[in-house]
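The numbers here are math on the coordinates, done by the rules we state, and not lab data. Given the structure is predicted, the values throughout are model-derived calculations rather than measurements. Virtual Cβ from ideal backbone geometry, glycine too; neighbours counted across all protein chains shown.
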Amino acid sequence: MLPKRFLLVLLRLATTAQAAEQWTYLDNGHVRLGVNLSAGACIGWFSPSHSSNNVLNAYDVGRYVQQSYYGNEDGSDWNGKPWRYNPVQGGSWKNEPAEVLETKSDANSFYAKTKPRHWATGAFTPECVMEEWLRLDGGLARLKFKMTYIGTEEHKARHQELPALFVMPKFDTLVFVDAAKQLTRMQPGSANEYIRVGEPWCAWVDKNDSGVGLFMPQTTQATCYRVRNGNSGDCSYIAPIQTFALKPGLVFEYEVVLALGTVEQIRAVFAKLK
C-alpha cells in the first residue's frame, strides 16, 4: 500500500492537471458538446445534456474530433516511426498544445481559429490555418471545418481524415450500410481497415446497439481500427477519407454531424439530412 502522503501528492497532481485544461461547453437541453481550449479548441466531449457519460475519447491531443492533414515525407520522427508533414489541430504527439488564435461563442454555437502543430516535431505550422464552426441543433451536433493552406510547398496527394473520430472502447462494434446497401456490423482489428458506405453515415455502438453516429456526406470511404491493450489507451476509431494534396492557395471546407442513440434512431435522423 502506498504511504498516505504519496497518495495525497498524486491526488494534487491529478487535480492540477484537470485544472490546467480549459473546457467550454454547449448544452441545449438535448446534448452536450465540449471543446478543450488547451488542445487547439478540439472537440473532446459529446453526451446527453447534463450527463457525465462522454462517448468521445480524449486520451491525448491526437484523439479529439479535429482537423489533421498529411503531406510529404520530411524526415520527421514520431516515437521511432518515420513520419511526414502533419499539421494537427490539437497539438503534437508529446501533448504540446496548438495555439488558439480566436474564439467566439453564444448559447448554441462556437467558433475557433487555431494555429496547429506538426504531430511529430511539435513545431507550429502557421502556414496551415484551421477554423471550426460548431452548432447544436436539437439532438445533433453540426460541425463545420475549414483549412487554409498558405504554404509554398506542393505536397503529394494523401488520404486525409475528415475528421478522425475516436470513441470510448465500450463502443466496440462499427455499424454502417455497405456499398451493396446491406446493414453491416464489424469489429475491426488493430490495423487500419477500409470500408465503403452505401449511405453517408456510420456508428460505433455498444452491446446494447447504442452509441454515437457520424454523418459524413463528403465521401463514401472510411478507415477504421480498434485498440485493445487492456489499458487507458484503448479506443475505437473511424475517419471518413478523401485523397487530395496540400498545395499553395488550397482552401478546404467540409461538414459532418454527430448524433447519439440506437442504430435505428441514428439511421433515421441521418436519413432526414440527405
**OP:** Determine the calculated [θ] at 222 nm for the chain from helices alone, applying -39500 (n - 2.57) to every DSSP H run no shorter than 4 residues and normalising by the residue count; nearest 500 deg cm²/dmol.
**Re:** -3000 deg cm²/dmol
Subject >> Shape call, the chain: gyration tensor on alpha carbons, a/c limit 1.5 >> reply: rounded
**OP:** Could you order peptides 160-168, 99-107 by the average number of other Cβ atoms within 10 Å of their residues, highest first?
**Re:** 160-168, 99-107
Subject >> Between segment 229-274 and segment 70-90, the Cα center-to-center distance that results, in Å >> reply: 22 Å
Subject >> Efficiency of FRET from Cβ geometry, residue 272 and residue 74, R₀ 51 Å, rounded to 0.05 >> reply: 0.70
**OP:** Describe numerically, in nm with one decimal, the distance between label points set 7 Å from Cα along Cα→Cβ at residue 193 and at residue 94.
**Re:** 3.6 nm
**OP:** For a footprinting-style exposure proxy, rank 137, 234 by other Cβ within 10 Å, fewest first.
**Re:** 137, 234
**OP:** Could you check the simple spin-label distance between residue 104 and residue 234, using points 7 Å along Cα→Cβ, in nm with one decimal?
**Re:** 4.3 nm
Original post:
According to a simple spin-label model (label point 7 Å from Cα along Cα-to-Cβ), what is the distance in nm between residue 152 and residue 22?
Top reply: 3.3 nm
Subject >> Burial ordering of 225, 149, fewest other beta-carbon atoms within 10 Å first >> reply: 225, 149
Subject >> Rounded to the nearest 20 debye, dipole of segment 22-271 from Cβ charges on Lys, Arg, Asp, Glu >> reply: 260 debye
Original post:
Relative contact order for the chain using alpha-carbon pairs under 8 Å, separation at least 6, rounded to a whole percent?
Top reply: 16 percent
Original post:
For segment 50-186, what mean projected area does the convex hull of the alpha carbons give, in nm²?
Top reply: 11.0 nm²
Original post:
When a footprinting reagent is the concern and you count Cβ atoms within 10 Å, what order do 37, 183 take, fewest first?
Top reply: 183, 37
Subject >> Charge dipole magnitude, Cβ of K and R +1, D and E -1 - segment 27-156, Cα centre, debye nearest 20 >> reply: 280 debye
Subject >> Residue (of 29, 227, 42) at the positive-pole extreme of segment 22-271, dipole from beta-carbon charges >> reply: 227
Subject >> Over 17 Å [Cα-Cα, segment 151-274], rounded percent >> reply: 58 percent
Subject >> Given charges at Cβ of Lys, Arg, Asp, Glu: the chain dipole, positive-most of 116, 174, 148 >> reply: 174
Original post:
Assigning unit charges at the beta carbon (Lys, Arg +1; Asp, Glu -1) and nothing else, what dipole magnitude in debye, to the nearest 20, does segment 123-231 show about its Cα centre?
Top reply: 280 debye
